[in-house]
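**Student:** One structure follows; several queries about it will come next.
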Amino acid sequence: MSASLPLANALRDISWLLPRTLGQAPSPTAAMPRSEVEVMRLLVRRPGLSVNEAAAELGLQPPNLSTAVRALVARGELERRPDPDDGRIVRLHPTEKALAVRAAQELAWGRALDHVLAELEPGDHERLLAAAPALAALVAALAEQAEQAEQAE
């Protein structure tokens with residue numbers, strides 16, 4: 001058994017539970033189809049991807065991704081910009097509106113998480129807060145690995 005298995009399982013469970021527990025308040029993303037939410041998560045982390053690059057990273061067919069992109073552009077959450085080096089390619093970027101909505105949602109989730117953490121044993125609360133930088137480093141390493149895998153394809 002892997003020593004990291006308990007961590008992997010906890011992270012998977014947390015990622016599944018967070019939006020279902022802390023994300024209960026109505027938000028602009030509440031009515032979004034999952035594909036649109038995933039597109040926005042990816043493009044906030046990696047703005048400037050093409051439709052084909054984003055589709056490959058998300059495991060979607062480009063026409064399916066294009067449907068989500070059209071809806072996000074229509075709502076003013078995503079911009080299509082021509083590639084500066086190749087005018088045939090369109091790059092996707094979240095709008096300021098989308099970034100502001102995300103920032104507000106993250107703040108709300110942080111406040112909601114504060115209430116849950118306050119119910120834990122004090123030692124657990126402090127250890128979890130102290131682990132945040134290490135978890136952020138793990139996110140960065142996983143994102144880098146995903147990017148490398150996508151480039152290798």
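No lab work stands behind these numbers, since they all come straight from the coordinates. For clarity, every value in this text was computed on a predicted model and none was experimentally measured. Using ideal geometry, Cβ is built from the backbone for each residue, glycine included, and neighbour counts are taken over all protein chains shown.
**Student:** Choose one of Ala131, Ser50, Trp109: the residue whose Cα lies farthest towards the positive end of the charge dipole of the stretch 1-140 (beta-carbon charges +1 Lys, Arg; -1 Asp, Glu; about the Cα centre).
**Tutor:** Positive-end residue among those listed: Ser50.
**Student:** Kindly provide the pair-distance distribution of the stretch 97-153 built from C-alpha pairs, with 5 Å bins from 0 and whole-percent values in order of increasing distance.
**Tutor:** 4, 16, 13, 17, 19, 15, 9, 5, 2, 0
**Student:** How would you order 61-69, 118-126 from highest to lowest mean count of nearby Cβ atoms within 10 Å?
**Tutor:** Put in order of decreasing packing, that is 61-69, 118-126.
**Student:** Taking the Cβ of Asn64 as the center, what net charge do the other residues with Cβ under 14 Å away carry, scoring Lys and Arg +1 and Asp and Glu -1?
**Tutor:** After counting each charged neighbour, the total is -1.
**Student:** Amide H of Arg91 versus every other amide H placed in the peptide plane: which residues, excluding those fewer than 5 positions away on the same chain, fall under 5 Å?
**Tutor:** So Arg91 has HN proximity to Arg81, Asp83.
**Student:** If you add up the charges near Val139, with Lys and Arg at +1 and Asp and Glu at -1, over every other residue whose beta carbon is less than 13 angstrom from its beta carbon, what do you get?
**Tutor:** Result for the local shell: +1.
**Student:** Which cross-chain or sequence-distant (5 or more) residues have an amide H under 5 Å from the amide H of Leu78, H modelled 1.01 Å from N in plane?
**Tutor:** The answer is Val73, Thr95.
**Student:** I need the semi-axes of the equivalent ellipsoid of the chain: take the C-alpha gyration tensor, multiply each eigenvalue by 5, square-root it, list largest first in whole angstrom. Don't jump to the answer; show the numbers that get you there.
**Tutor:** Working: eigenvalues 195, 81, 36 Å².
With the √(5λ) rule applied to the chain, the semi-axes are 31, 20, 13 Å.
**Student:** Applying the Karplus parametrisation 6.51 cos²θ - 1.76 cosθ + 1.60 with θ = phi - 60° to the phi angles of the stretch 119-129, what ³J(HN,Hα) value in whole Hz is obtained for each residue in order, glycine and proline being reported as x?
**Tutor:** Karplus values, whole Hz, x for Gly and Pro: 7, 7, 4, x, x, 5, 4, 5, 5, 5, 5.
**Student:** Treating the angle as unsigned and between 0 and 90°, give the value, to the nearest 10°, between the Cα long axis of helix 62-74 and the longest Cα principal axis of the chain.
**Tutor:** Around 80 degrees separate the two axes.
**Student:** If you don't mind, another one. Could you tell me how many degrees, from 0 to 90 and to the nearest 10, lie between the Cα long axis of helix 96-118 and the main elongation axis, the longest principal axis, of the Cα atoms of the chain?
**Tutor:** 10
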